[in-house]
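For reference, the structure discussed in these notes is given below.
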Amino acid sequence: MNYVITTSINWADECDVHFFDILSEEDYRKYDFLKQTLGHLYADYWFGTNEGWEDGEFDYLNFELKEATDEEIEVLKKFDIQGESVIDRLAETIECTLDWEGISCPDIWGMEYGEFCQIIDDNKDLF
């Protein structure tokens with residue numbers, strides 16, 4: 001099974017920012033683990049040149065994931081649906097937070113599920 005994040009959030013009554021990600025079952029499990037373990041992960045989120053949510057206003061874990069069949073994913077790919085990637089930025093935020101504390105975890109999202117969960121669980125007080 002695949003999962004999709006697709007939603008828009010209004011930024012400062014000026015524009016809607018569209019978010020879009022396709023998640024594998026493994027990605028879904030990691031995202032769900034973060035939601036269950038951390039509840040929220042507030043941070044800044046910038047897009048464009050100087051637009052974004054600052055001062056920890058953006059919650060990376062506030063997205064609803066919808067199930068999608070392989071056929072539905074193929075349709076989305078056919079039409080080249082695009083948007084801001086929550087998962088890429090979430091992984092970057094986690095890596096930077098850990099790195100700031102001297103814990104090196106490049107490509108944390110690419111880790112095996114168990115190792116990913118262990119690192120998050122061991123360091124959840126940082127988030």
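The values are calculated or read from the model by the stated rules, or taken from the named source; none is laboratory data. Note that the structure is a prediction, hence the values are computed from the model and not measured. Glycine also receives a Cβ, built like all others from the backbone with ideal geometry; neighbour counts cover every protein chain displayed.
Annotations for the structure displayed:
- Any hit, the range 80-96, residues being closer than 26 Å to Asp122 by Cβ and touching a Pro at 6+ places or on another chain (Cβ under 7 Å): yes
- Of all residues in the range 74-92, those satisfying the criterion of being under 23 Å from Leu34 (Cα atoms) and outside any strand (DSSP E or B) are Gly83, Ser85, Val86, Ile87, Asp88, Arg89, Leu90, Ala91, Glu92.
- For the range 20-43, the criterion of being part of a strand (DSSP E or B) and either of a type in the set (Ser, Thr, Tyr) or modelled with pLDDT under 95 (or both) is satisfied by at least one residue.
- Residue within the range 8-25 that is at negative phi and in contact with a Cys (Cβ under 6 Å, 6 or more places away or on another chain) present: no
- When each of Glu95, Glu71, Glu67 is tested for being outside any strand (DSSP E or B), on the phi < 0 side of the Ramachandran plot and either exposed (fewer than 13 other Cβ atoms within 10 Å of the Cβ) or in contact with a strand residue (DSSP E or B) (Cβ under 9 Å, 6 or more places away or on another chain) (or both), the lone residue that passes is Glu71.
- Residue check for Lys78: at pLDDT 95 or above and either loosely packed, with under 12 Cβ neighbours inside 10 Å or more than 26 Å from Met111 (Cβ to Cβ) (or both): yes
- A Cβ distance below 9 Å, combined with a sequence gap of six or more or placement on separate chains, defines the contacts here; from the range 20-34, residues that are farther than 20 Å from Gln82 by Cβ reach no residue that is modelled with pLDDT under 95 and among the β-branched types (Val, Ile, Thr).
- Among the conditions (1) surrounded by fewer than 16 Cβ atoms within 10 Å (Cβ to Cβ); (2) in contact with a helix residue (DSSP H, G or I) (Cβ under 6 Å, 6 or more places away or on another chain), Gly114 misses just one, which is (2).
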